[in-house]
Structures are given as C-alpha cells and as structure tokens.
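Here the structure is laid out as structure tokens; the discussion comes afterwards.
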Amino acid sequence: MPWPRPAPASVRSRPVAARSRARLALAAGALVALAATAGLSALGESSYLVRDPAYGDLESRLSAVERTDPAPAVFLGTSRVNSGFDAGRGGAFNFGVPGTGPVTHNIYLRRLIGAGHRPGLLLVEVLPALVADLGGEPLEARMTSGSRYTRDEVDRLAGYGVPRDRLDSQWRETRTVPWLGLRFQLLGRVAPWALPAHLRHDEGRSGDARGWRRIPEEVLTPALVAAGRARARNDYAEVLRTLTPGGPAERALRDTVRLARGHGLRVRLVVMPEAAWFRDLMPAEVGARFDRWLARLASEEGCPVTDARRWVPDAGFADGHHLLPGGAAAFTDRLAAEVLAPEGTP
C-alpha cells in the first residue's frame, strides 16, 4: 500500500496561523482591558460624577442654577434636608445627601469652594445624633465608604476618626480594580433598579432642578407610619438616650463654619424639624445638654442657629424625622420668611 502523501505546506501552516491570530487577539484584548481599567481608575480619581455621583450630580445642577442665580443659598445636609427642603420654593439649592454628616459636609464644602462656588448663604444641618461623642469614630463613619473619596479626602476622613484601614482598602480598590471598587456607582448609572436604594448613588439626579427629592406619598397609611416609627426608633433611640455632643463630629462642624467664614461666606446652622414623639427619644436632661452645647458652639463660632425641631406637626412626617411634601412646604415657607428673606436671599 502506498504511503500517504504529506500535506501541502499551506495546509500545515493553517494551525500555526490560527494560533498566532488567537494569541494576537488575546494580547489585544488584554491591552484594551488594561487601558480601560487605567482610564476608569484615572477618571474615578478626577471626576466626582464617577466616584461620588450623588455629589457630582448635585454640583452639576447647582452650576446650572448659578447661570441665572449666581449666588443662591445652599443647604448642606443629610436625607432630612434632601426630602424636607423644597429649595425651589425657597429660592435656594438643596445639597442634602443621605448617609452624610458633619465630616462629609466639611469635605463637600471644600469641593464646592475648590470648584468656584460661592453661596450667598450657607445653611449647614446639625442632626443631633450625628454630633454624638462616641469616644472614637463619629457615627457617620458607619455609612462612609472610601470608594467615594480621593486620596487626599481619605486622609482628611481619617483625621476625623473614620477608620483608616477600611478607607484605604476601599479607596485602593477603586484604583487597582475600579470595575469592582466603583461597581455600585457604575451600576447605579445604568441599572439603578438592580440595586437597593442605599447603594444606587442616584440621590443627586432623582430630585428636581434645585436638589429637592420629595417623598412620593402625600399621606401615609397607618401601616407605613408604624413601620417608619419602628425603623426610626431602631436607628436612633439608643444614641439619643445617652447623647453627649462633641468629639470628631463637633470638630468637623466647627471646621466647616470656619472654612466658610474664611472664604467670606455667611453661614447659619439649622436643626431640622422632628415629630414630638421623636424628640421624646431624647430624655429631658439629654435635650438640655444638647441645647447648651449648641448655644455654646454658636456663641464661640459667632454663628447663628435656627432650631426648627418644633416647626412641623407630627402629621407632616413620614417617620418622625423625614418630612412629607406638606411638611416640607411648611418648613420651607417658614425658613424662607424667617431666615432666607431677612438674609437677603428670598
């Protein structure tokens, strides 16, 4: 039987060529992946729209407002401000971001000043539980992720008692594996419905043009009221029962007032409305201690205070401390009449 003829050279070379093309495709894919990773890492460090979308979106909206209203009053605050201050109604801007506190507000003001914003009046929320001296890290540290901050800001957070190890790990992840470190920020952009509300980072774009994110319901059912009360008690009862203001949170608040003053800004502290039953979570002697602390801080810093805790009846709240739209209207109108208009920011 004759021996089989060897395959032509052109046929023998096909597997070699295919392997070469595969290696080239893999190399090209790896280079593209590395370039995309490096680009996202750099973008995350340079753009708050990527790293901290809640802030970045609000800052963009503030810039849009300033085109026709160059120096509006700006209210820095938490979710209480975010849902409770109808800034358009008050001719101001709502810079309330859920999960923040005095330390984050200090960083946000530094960002705003660095970007050239100069509010005609700066309102800064004082939420009693968030100025508690816990003997170490501030309460807001439990809600603070290093993924939202730059390297310099991480250092500043650590200086106010937020645990550095956790901050460094979270920040480093956004630089080395940004697809992982920034996953919630990115997914919140393209598919917010796939995430629970506290991970979406969409607070800055889900409100109106002046930052107010109203609670959809005008009136709550008894079941929703009961659930809100239970949640608020669980979140706040323990810290309010023994509250002693001070520590890193007080230092951050004082630094914010001084930073504003150092840049020629008028500044006022505001305590947001609370339902009567919510105020009762703070025993009388603890409430008196908080009042004395607030008065002393205002006196030492030369900063006026508006204590609005009793401005809205209980029916105006969703859960004792977040205002329903009717409560937000009542609070905003009174703040506009008693603070914004006299300050020259109607």
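A few notes on this one:
- Restricting attention to segment 313-346, the residues that are under 19 Å from Ser79 (Cβ atoms) and within 25 Å of the chain's Cα centre (by Cα) add up to 18.
- Only one of the listed residues (Val219, Val225) is over 21 Å from the mean Cα position of the chain (by Cα), farther than 30 Å from Gly114 by Cβ, of a type in the set (Val, Ile, Thr) and not in a loop (DSSP other than H, G, I, E, B). That residue is Val225.
- Taken as a whole, the structure places Leu335 among residues that are crowded, with 22+ Cβ neighbours inside 10 Å, of a type outside the set (Phe, Trp, Tyr) and touching a residue at least 60 places away in the same chain (Cβ under 8 Å).
- Looking only at residues of segment 157-174 that are within 30 Å of Asp291 (Cα to Cα) and assigned to a helix (DSSP H, G or I), we find that the one that is least open to solvent (accessible area, probe 1.4 Å) is Leu157.
- In segment 245-288, residue surrounded by the most Cβ atoms within 10 Å (Cβ to Cβ) [restricted to those that are among the charged types (D, E, K, R) and under 25 Å from His322 (Cβ atoms)]: Glu274
- Lone qualifier among Ala260, Ala295, Ala237, Ala275 - being hydrophobic (A, V, I, L, M, F, W, C) and more than 19 Å from Leu130 (Cα to Cα): Ala260
- The set of residues in segment 289-322 that are aliphatic (A, V, I, L, M) and either open to solvent by 50 Å² or more (accessible area, probe 1.4 Å) or closer than 23 Å to Leu121 by Cα (or both) comprises Leu294, Ala295, Leu297, Ala298, Val305, Ala308, Ala315.
- Per-region count, segment 139-161, residues touching a Leu at 6+ places or on another chain (Cβ under 7 Å) and over 18 Å from Gln185 (Cα atoms): 4
- In segment 242-298, residue farthest from Ala115 (Cα to Cα) [restricted to those that are under 24 Å from the mean Cα position of the chain (by Cα) and basic (Lys, Arg)]: Arg251
- Selection from segment 175-200 of residues that are of a type outside the set (Val, Ile, Thr), outside any helix (DSSP H, G or I) and touching a residue at least 24 places away in the same chain (Cβ under 8 Å): Leu182
- Within segment 65-80, the set of residues being over 11 Å from the mean Cα position of the chain (by Cα) and crowded, with 24+ Cβ neighbours inside 10 Å comprises Ala73, Val74, Phe75.
- Selection of segment 99-156 for residues being within 17 Å of Asn82 (Cα to Cα) and either outside any helix (DSSP H, G or I) or open to solvent by 20 Å² or more (accessible area, probe 1.4 Å) (or both) yields Gly99, Thr100, Gly101, Leu122, Leu123, Val124, Glu125, Val126, Leu127, Met143.
- The combined condition, being out of contact with any Gly (no Cβ under 7 Å at 6 or more places or on another chain) and at pLDDT below 85, is fulfilled by Pro196.
- Segment 207-229, residues that are loosely packed, with under 14 Cβ neighbours inside 10 Å and of a type outside the set (Gly, Ala, Ser): Asp208, Pro216, Glu217, Glu218, Val219, Thr221, Pro222, Leu224
- Any chance Ala87 is within 21 Å of Val267 (Cβ to Cβ), modelled with pLDDT of 65 or more and not hydroxyl-bearing (Ser, Thr, Tyr): yes
- Residue in segment 294-302 that is polar (S, T, N, Q) and more than 30 Å from Ala64 (Cβ to Cβ) present: yes
The values are calculated or read from the model by the stated rules, or taken from the named source; none is laboratory data. From a predicted model like this one, the values you see are computed outputs, not experimental measurements. All Cβ positions, even for glycine, are placed from backbone atoms using ideal geometry, and neighbour counts span all protein chains on display. Accessible surface is based on the protein model in full, side chains and every heavy atom, while ligands, DNA and RNA are left aside. Shrake-Rupley method; radii C 1.70, N 1.55, O 1.52, S 1.80 Å.
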